[in-house]
Amino acid sequence: MLKSTAWQHDNGLNPFNPMVKYLGTQRVKNVILLIGDGMGFSYTTGLRYFNHDSNKGIMNPTIFDQYFVGTQSTYSLDTESNITDSAAAGTALSTGYKTFNGALGLNIDKQTVPTVLEYAKFRGKSTGLVGTSQVNHATLAAFAAHIESREQYDQIADDYLDERIEGKQKIDVILGGGTSYFDRKDRNLIEEFVRNDFGYVTTLQELVTNNNEMLLGLFAPIELPKQIDRGQTVPSLAQMTKAALERLQQNPNGFFLLVEGSQIDWAGHDNDIVGAMSEVKDFEAAFKEAVKFAVNREDTIVIATADHSTGGMSIDRNDNYRWNPSVIKSITSTPFVIATRLHETMDMETLKYHMHFPLHDADLEIIKSTLEMEVEDTKEALINVINHYSSTGWTTKGHTGEDVPIYAYGLNRHLFSGRMENSDIANILFQIMD
Ligand code: MG
Ligand code: ZN
């Protein structure tokens with residue numbers, strides 16, 4: 001829980017103290033921080049290959065490339081592990097403190113430390129959390145909760161409503177998944193949010209027609225479907241970002257908005273390149289939306305980065321010297337959805353509606369044999385085939401420790417250049433926010 005005594009930064013920098021030493025630079029009114037969970041360099045490089053519509057020639061830069069400014073190191077201070085999880089990395093990015101894995105908004109001594117979102121609220125700004133996981137999942141929660149374990153989903157959701165900054169609601173716009181954590185047996189947080197002047201929406205159509213300045217939007221019981229599996233009623237990350245910006249920009253004091261591409265990491269854990277490209281594309285569009293907002297403004301910084309990389313994804317495998325994104329592009333759903341459909345129909349013909357590249361009989365036999373097993377087994381078989389034909393390599397089902405990119409656009413972007421620690425990003429934000 002948030003305690004006012006815990007706001008003191010022990011490094012001499014107290015972000016809630018007006019005497020804080022600002023960098024000799026212009027203050028920023030609006031901050032849009034985008035985190036691609038798990039989005040290491042191989043993912044954004046993969047996107048460049050993926051967007052290129054030929055097998056040869058000069059590749060067009062991605063939207064990210066032109067805003068590349070630096071890299072950050074992601075390791076946490078966990079005593080058991082020198083590879084971070086998303087809670088510890090999120091906490092470093094949100095508070096300026098590296099901490100132990102699993103911790104949200106706490107330093108290594110388990111003391112509550114303020115986040116840049118809370119500081120923005122303290123300065124009279126509006127705040128927003130937008131993502132494609134449940135909104136109380138680790139990365140988003142690291143900006144607005146203070147809890148020893150990321151698994152305490154109900155407690156995190158409670159804190160979003162119950163914790164106040166200067167008597168005001170901590171978060172003004174919350175968009176993503178997670179109905180099941182808000183509409184519970186012990187408590188209906190949705191009703192309580194509405195009683196506290198929030199609008200509530202559950203579909204894209206409701207999102208675009210809603211006019212509430214404070215808004216809770218929950219579009220799935222837990223996570224949203226991945227971008228390529230989404231139906232007409234589920235908003236994209238870009239559409240949620242746009243809806244958040246429309247509301248937050250009404251505050252004359254400005255805003256802090258966090259946008260997370262939550263499931264890039266989840267696809268990485270699955271070693272699923274179709275899901276990975278789907279979610280990087282979704283994140284790319286959200287970054288475009290953020291940059292579009294900041295263009296021609298002198299008062300906004302847009303930063304996009306990752307909390308760590310996932311899966312040890314590599315562009316090519318087995319000495320092939322030929323990564324093949326056309327295979328990935330020919331697939332119209334994630335392996336999980338294709339596997340689910342196969343188990344519903346028990347008909348291998350179903351595969352033809354989802355995968356438009358030629359499979360050998362041996363591949364079909366392997367996939368067919370999994371129909372006697374679980375959906376997960378079929379998913380795994382599809383993933384193996386797709387990785388083989390696209391020539392995508394993976395080294396782990398977990399996270400990896402290499403540095404990750406920082407992209408920035410707008411006022412003070414140069415401050416995020418070069419090589420830094422993940423915690424430096426929060427420390428700079430504390431100092432430049434107006
Ligand atoms: Mg996350
Ligand atoms: Zn992860």
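The values are calculated or read from the model by the stated rules, or taken from the named source; none is laboratory data. A quick note: this is a predicted structure, and the numbers were derived from the prediction, not measured. As a convention, Cβ positions derive from the backbone with ideal geometry for all residues, glycine included, and neighbour counts pool all protein chains shown. Just the protein is used for accessible areas: all its heavy atoms, side chains included, with ligands, DNA and RNA removed. Shrake-Rupley method; radii C 1.70, N 1.55, O 1.52, S 1.80 Å.
Taking all protein chains in place and a 1.4 Å probe, what share, in percent, of the accessible surface of the range 325-390 do carbon and sulfur account for? Show your work: numbers first, answer last.
Working: 1940 of 3470 Å².
The nonpolar share, carbon plus sulfur, comes to 56 percent.
Run the dipole for the range 325-390 about the Cα centre, Lys and Arg Cβ at +1, Asp and Glu Cβ at -1, nothing else charged, and hand back the magnitude in debye, nearest 20.
Dipole about the Cα centre, nearest 20: 380 debye.
Once phi is turned into θ = phi - 60°, what whole-Hz ³J(HN,Hα) does the Karplus curve with 6.51, -1.76 and 1.60 give for every residue of the range 125-138, x standing for Gly and Pro?
8, 8, 9, x, 10, 9, x, 10, 8, 4, 5, 9, 7, 3
So, counting K/R as plus one and D/E as minus one, what does the shell of residues with Cβ under 13 Å around Asp172 add up to?
Value of the local net charge: +2.
Considering only C-alpha atoms, what is the centroid distance from the range 336-362 to the range 79-94, in Å?
So the two Cα centres are separated by 38 Å.
Rounded to the nearest 20 Debye, what is the dipole magnitude of the range 244-348 about its Cα centre when Lys and Arg each give +1 and Asp and Glu each give -1 at the C-beta?
280
Tell me the Kirkwood hydrodynamic radius of the range 149-246 in angstroms, computed as one over the mean inverse distance between distinct C-alpha pairs.
Kirkwood radius, the range 149-246: 14.0 Å.
For n ≥ 4 DSSP H runs only, could you compute -39500 (n - 2.57) per run for the chain, divide by its residues and tell me the 222 nm figure to the nearest 500?
Counting only the DSSP helices, I get -10000 deg cm²/dmol.
For the range 325-390, evaluate the Debye formula with one uniform point scatterer on each Cα (no solvent term) and list log10 I(q)/I(0) at q = 0.24 Å⁻¹, rounded to two decimals.
Here the Debye-derived log intensity ratios amount to -1.04.
His414 to Met373: extension gain in nm, 0.36 nm per residue of separation minus the Cα-Cα distance?
Here the answer is 9.4 nm.
Say we join alpha carbon atoms closer than 10 Å with springs in a Gaussian network model of the chain; which of Thr202, Thr350, Thr400 then has the biggest fluctuation?
So, out of Thr202, Thr350, Thr400, the one fluctuating most is Thr350.
When ligands, DNA and RNA are left out and all protein chains stay put, how many square angstrom of accessible area per residue does the chain have with a 1.4 Å probe?
Ligands and nucleic acids excluded, the figure is 40 Å² per residue.
Considering the chain as a Gaussian network with a 10 Å cut-off on Cα pairs, which listed residue, Asp361, Asp65, Asp37, attains the greatest mean-square fluctuation?
Result: Asp361 has the largest fluctuation of those listed.
Report, by chain and number, residues whose modeled amide H sits under 5 Å from the one on Ile406, excluding near sequence neighbours (fewer than 5 apart, same chain).
It is Val69, Gly70, Thr71, Gln72, by chain and number.
Using only Cα atoms, locate the centre of the range 174-198 and the centre of the range 385-420, then give the distance between them in Å, rounded to an integer.
34
Please tell me the relative contact order of the chain in percent, rounded to the nearest whole number, where contacts are Cα pairs under 8 Å and at least six residues apart.
Values: 968 pairs, mean separation 117.2, N = 434.
The normalised contact order for the chain reaches 27 percent.
Specify the inter-centroid distance of the range 117-173 and the range 225-282, based on alpha-carbon positions, in whole Å.
Comparing the Cα centres of the range 117-173 and the range 225-282, I get a distance of 17 Å.
Using per-residue counts of other Cβ atoms within 10 Å, averaged over each peptide, order 371-384, 187-200, 326-339, 137-150 from highest down. Spell out each step's value before the answer.
Numbers: 371-384: 17.7, 187-200: 15.5, 326-339: 21.0, 137-150: 25.9.
Listed from highest to lowest mean packing, they are 137-150, 326-339, 371-384, 187-200.
As I understand it, the dipole of the range 325-390 uses +1 on the Cβ of Lys and Arg and -1 on the Cβ of Asp and Glu, about the Cα centre. Which of His360, Ser330, Leu371 lies farthest toward its positive end?
Towards the positive end, the residue furthest out is Ser330.
Tell me, what ³J(HN,Hα) does each residue in the range 192-200 have, in order and in whole Hz, if you take phi through Karplus 6.51 cos²θ - 1.76 cosθ + 1.60 with θ = phi - 60° and put x for Gly and Pro?
So the Karplus estimates, Gly and Pro as x, are 5, 4, 4, 5, 9, 6, 8, x, 9 Hz.
Could you tell me the relative contact order of the range 333-394? Use alpha-carbon pairs under 8 Å, at least six residues apart, and round to a whole percent. All intermediate terms of the calculation are to be shown ahead of the outcome.
Values: 37 pairs, mean separation 25.0, N = 62.
Rounded, it is 40 percent for the range 333-394.
Taking Cα pairs under 8 Å and at least six residues apart, what relative contact order does the range 261-412 come out at, in percent?
Computed over the range 261-412, the figure is 41 percent.
If you build a Gaussian network model of the chain, linking Cα atoms that sit under 10 Å apart, which residue out of Ser314, Ser278, Ser236 swings the most?
Most flexible of the set in this elastic network: Ser314.
Residue-wise, which Karplus ³J(HN,Hα) couplings in Hz belong to the range 226-235, taking 6.51 cos²θ - 1.76 cosθ + 1.60, θ = phi - 60°, and x for glycine or proline?
5, 3, 6, 9, 6, x, 6, 9, 9, x
Whole-Å semi-axes of the chain's equivalent ellipsoid, largest first, each the root of 5 times a Cα gyration tensor eigenvalue? Don't skip to the end; give the middle numbers.
Values: eigenvalues 263, 116, 83 Å².
So the three semi-axes of the chain are 36, 24, 20 Å.
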